[in-house]
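> This is the structure I have questions about; it appears just below.
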Amino acid sequence: MKKKNSYVGIAFIILLFGIYTVPKVVNRFKTNAELVYLYTDEVHPEKRKVPAFEFINQEGNIITNKDYDNKVYVVEFFFSTCPSICPIMNQKMVTIQDDFFGNPEFGIASISITPEIDTPEVLRAYAKDNGITHKNWHLLTGKSDAIVFELAKQGFKLYAGKGADEHGGFEHSGYFALVDKKGFIRSRTDENGNVIIYYNALQDNGFPDQIKELKEDIKILLNE
């Protein structure tokens, strides 16, 4: 009898623990699901929108920001000869492509920071070698690197520039930007209400990447 009562006591404790913790888990995910807008500055706050751009994609077609109207899309800066983080980033991006493959309301913009090297022909071969097949995944080139750097730094506030030789002579951030159907840059908040701003494509100092969170948030914006 005493043993049976102990089992009942343990079961009761587990039930109480579940009642206490489940709302906290739900609230944490509810917070993360609230995608916020990014703003330009604190003095004259405006929602940050992707600036107008015009490039050429891997098929030789002119692509502008208007081609992404009414689409949720992910933006990255990369270059085809990158020996370090780009291969890792685009392996992660392919998993995103595969999750939303065939969805006409989803897209990806991979903007080359070495347009003098990354011709449409080079990017077409890069797409083939890396399993890039979604019709709305455009590898973009055609402007000088100075203009691309300006777009990265001013338009997205993501770093891109000249770098060390071990990085192929150029450097850029390992983050992905998420853009909604109206062209606004969006982000989730963490459990403390802090805006994460961009989604880390790389493991960083023992912290995991944020690809899972990015995929969740793409789905949220697709349903808006």
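The values are calculated or read from the model by the stated rules, or taken from the named source; none is laboratory data. On a predicted model such as this, the values are computed, not experimentally measured, just so you know. Neighbour counts run over all protein chains shown; Cβ positions are idealised from the backbone, glycine included. Accessible surface areas use protein heavy atoms only, side chains included; no ligands, DNA or RNA. Shrake-Rupley method; radii C 1.70, N 1.55, O 1.52, S 1.80 Å.
> Answer yes or no as to whether Lys182 is in the same structural domain as Lys49 (by the TED database), open to solvent by 70 Å² or more (accessible area, probe 1.4 Å) and assigned to a loop (DSSP other than H, G, I, E, B). Break it down into steps so the answer makes sense when it comes.
Working: in the same structural domain as Lys49 (by the TED database): yes; open to solvent by 70 Å² or more (accessible area, probe 1.4 Å): yes; assigned to a loop (DSSP other than H, G, I, E, B): yes.
Yes: the conditions hold for Lys182.
> Being modelled with pLDDT of 90 or more, among the small types (Gly, Ala, Ser) and farther than 21 Å from Asn65 by Cα, is that true of even one residue in segment 154-171?
Residues of segment 154-171 modelled with pLDDT of 90 or more: 154-158.
Narrowing the set further to residues that are among the small types (Gly, Ala, Ser) leaves 155.
Restricting the remaining residues to those that are farther than 21 Å from Asn65 by Cα gives none.
No, segment 154-171 contains no residue that is modelled with pLDDT of 90 or more, among the small types (Gly, Ala, Ser) and farther than 21 Å from Asn65 by Cα.
> Right, next: Identify all residues within segment 185-198 that are free of Cβ contacts under 8 Å to residues at least 40 places away in the same chain and surrounded by 15 or more Cβ atoms within 10 Å (Cβ to Cβ); write none if there are none. Spell out how you get there, then give the answer.
We begin by selecting, within segment 185-198, every residue free of Cβ contacts under 8 Å to residues at least 40 places away in the same chain; these are 192, 194, 196.
Ile196 - this is the single residue of segment 185-198 that is free of Cβ contacts under 8 Å to residues at least 40 places away in the same chain and surrounded by 15 or more Cβ atoms within 10 Å (Cβ to Cβ).
> Here's a follow-up. Would you mind stating whether Asn61 is surrounded by fewer than 22 Cβ atoms within 10 Å (Cβ to Cβ) and assigned by the TED database to the domain that holds Ala177? Can you show your working first?
Numbers: surrounded by fewer than 22 Cβ atoms within 10 Å (Cβ to Cβ): yes; assigned by the TED database to the domain that holds Ala177: yes.
Taking the combined requirement at face value, the residue satisfies it.
> Go through (1) open to solvent by 40 Å² or more (accessible area, probe 1.4 Å); (2) touching a residue at least 24 places away in the same chain (Cβ under 8 Å); (3) within 22 Å of Ile218 (Cα to Cα) one by one and return the number of the condition Pro83 breaks.
(3)
> Pairs under 8 Å by beta carbon, first residue at positive phi in segment 45-74, partner open to solvent by less than 80 Å² (accessible area, probe 1.4 Å), six or more apart or different chains?
Note: pairs meeting the criteria are Gly60/Pro120; Asn70/Glu105; Asn70/Lys181.
> Tell me, which residue of segment 98-117 that is out of contact with any Lys or Arg (no Cβ under 7 Å at 6 or more places or on another chain) and farther than 20 Å from Val148 by Cα is modelled with the lowest pLDDT? Please lay out each step first, then the result.
Pass one, segment 98-117, residues out of contact with any Lys or Arg (no Cβ under 7 Å at 6 or more places or on another chain): 98, 100-104, 108-114, 116-117.
Applying the additional criterion that residues be farther than 20 Å from Val148 by Cα yields 98, 100-104.
Working: Asp98: 98, Phe100: 98, Phe101: 97, Gly102: 94, Asn103: 98, Pro104: 98.
Looking at residues that are out of contact with any Lys or Arg (no Cβ under 7 Å at 6 or more places or on another chain) and farther than 20 Å from Val148 by Cα, I get Gly102.
> Now for a different question. So, Phe53, is that one touching a strand residue (DSSP E or B) at 6+ places or on another chain (Cβ under 6 Å) and surrounded by 12 or more Cβ atoms within 10 Å (Cβ to Cβ) or not?
Working: touching a strand residue (DSSP E or B) at 6+ places or on another chain (Cβ under 6 Å): no; surrounded by 12 or more Cβ atoms within 10 Å (Cβ to Cβ): yes.
Answer is no for this residue.
> Also: Being out of contact with any helix residue (DSSP H, G or I) (no Cβ under 7 Å at 6 or more places or on another chain) and on the phi > 0 side of the Ramachandran plot is the filter here; which residues of segment 171-185 pass it?
Once the filter is applied, which keeps residues that are out of contact with any helix residue (DSSP H, G or I) (no Cβ under 7 Å at 6 or more places or on another chain) and on the phi > 0 side of the Ramachandran plot, segment 171-185 yields nothing.
> Also, quick follow-up: Can you name the number of the only condition in (1) farther than 19 Å from Ala152 by Cα; (2) open to solvent by 70 Å² or more (accessible area, probe 1.4 Å); (3) in contact with a Gly (Cβ under 9 Å, 6 or more places away or on another chain); (4) modelled with pLDDT under 95 that Arg28 fails?
For Arg28, the failing item is (3).
> Please work out which residue is nearest to the chain's Cα centre (by Cα), limiting yourself to segment 141-159 and to residues that are touching a residue at least 60 places away in the same chain (Cβ under 8 Å) and within 21 Å of Thr81 (Cα to Cα).
So the residue we want is Leu158.
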